[in-house]
Amino acid sequence: MPSARDSAPPLDARLGPEVVLVPVKAFHQAKRRLGSALADPERVRLVRAMATHVVSACVPLPVAVVCDDEDVARWASDLGASVMWEPGQGLNGAVRAGVDRLARAGAVWVTVAHGDMPRARGLGALPRFDGVTLVPDRRDDGTNVLRLPAASDFRFAYGPGSFRAHRAEATRLGLGVRVLRHPDLAYDVDWPADVAELGERP
């Protein structure tokens, strides 16, 4: 029986010139810091539901999910997303590999969107900009959304301080930078307090 990654929609030029890339960690391993607020089954359900919502917010653009977990690959395939299997890369390596593969498949622009934005909307309709678009989190620390030319040699630096690092990287490459402060895209769930806020504001 073929694995989920083998049965996923093929990655090819039919994806078109602009694609949304969603890196998704294994659901059972993701967001463990929420353990003080959610039991493991609830945490896994929340992580999966948020990622599903993010994929749905990418309409009308095609979506590619980069992952290294069979359950995630199966989930992505069921949603109609292309699956990019990149084991052992870590987040930054997986995103870099994903963008490279999309560029080789004909993508001109890639929007990297993380799967922990439960209020995300409009990911497939970001205003066009001839450079790098950054959507920081509410703390101006992380980078929730990043749109860039697929062919650029961009060094991803996800983790603490990534918003500042990505802004500096775009400048290093001589690319224009646009910062979008979008409340629904700035809201991500990283900490127990974020879960409490999500419950207060469905």
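The values are calculated or read from the model by the stated rules, or taken from the named source; none is laboratory data. Since this is a predicted model, take the numbers as computed values, not measurements. For neighbour counting, all protein chains shown are included, and Cβ atoms are generated from backbone atoms with ideal geometry for every residue, glycine included. Heads up: the accessible areas ignore ligands, DNA and RNA and are worked out on the full protein's heavy atoms, side chains in. Shrake-Rupley method; radii C 1.70, N 1.55, O 1.52, S 1.80 Å.
Restricting to segment 16-41, name every residue that is small (Gly, Ala, Ser) and open to solvent by 70 Å² or more (accessible area, probe 1.4 Å). Full working, then the answer.
Initial filter on segment 16-41 (small (Gly, Ala, Ser)): 16, 26, 30, 35-37, 39.
36, the sole residue that qualifies.
Can you tell me which residues in segment 76-93 are open to solvent by less than 40 Å² (accessible area, probe 1.4 Å) and either touching a residue at least 60 places away in the same chain (Cβ under 8 Å) or under 14 Å from residue 62 (Cα atoms) (or both)? I'd like the intermediate steps shown before the answer.
Of the residues in segment 76-93, the ones open to solvent by less than 40 Å² (accessible area, probe 1.4 Å) are 76-77, 81-84, 86, 93.
Result: 76, 77, 81, 82, 83, 84.
Can you pull out every residue in segment 1-33 that is modelled with pLDDT of 85 or more, closer than 25 Å to residue 47 by Cα and not basic (Lys, Arg)?
Going residue by residue through segment 1-33, those that are modelled with pLDDT of 85 or more are 15-33.
Checking the rest, the ones that are also closer than 25 Å to residue 47 by Cα come to 19-33.
Listed by number, the residues that qualify are 19, 20, 21, 22, 23, 24, 26, 27, 28, 29, 30.
Tell me, please, whether a residue that is basic (Lys, Arg), under 20 Å from residue 190 (Cβ atoms) and surrounded by 15 or more Cβ atoms within 10 Å (Cβ to Cβ) can be found in segment 42-54. Working first, answer last.
As a first pass, look at segment 42-54 and keep what is basic (Lys, Arg): 43, 45, 48.
Right, trim to under 20 Å from residue 190 (Cβ atoms) and you get 43, 45, 48.
Going one step further and asking which of them are surrounded by 15 or more Cβ atoms within 10 Å (Cβ to Cβ), we end up with 43, 48.
Yes - at least one qualifying residue is present in segment 42-54.
For segment 27-53, enumerate the residues that are outside any helix (DSSP H, G or I), under 16 Å from the mean Cα position of the chain (by Cα) and either over 17 Å from residue 68 (Cβ atoms) or not charged (D, E, K, R) (or both). Walk me through how you get there before you give the answer.
Let us first name the residues in segment 27-53 that are outside any helix (DSSP H, G or I), namely 27-31, 37-39.
Subset that is under 16 Å from the mean Cα position of the chain (by Cα): 27, 30-31.
Listed by number, the residues that qualify are 27, 30.
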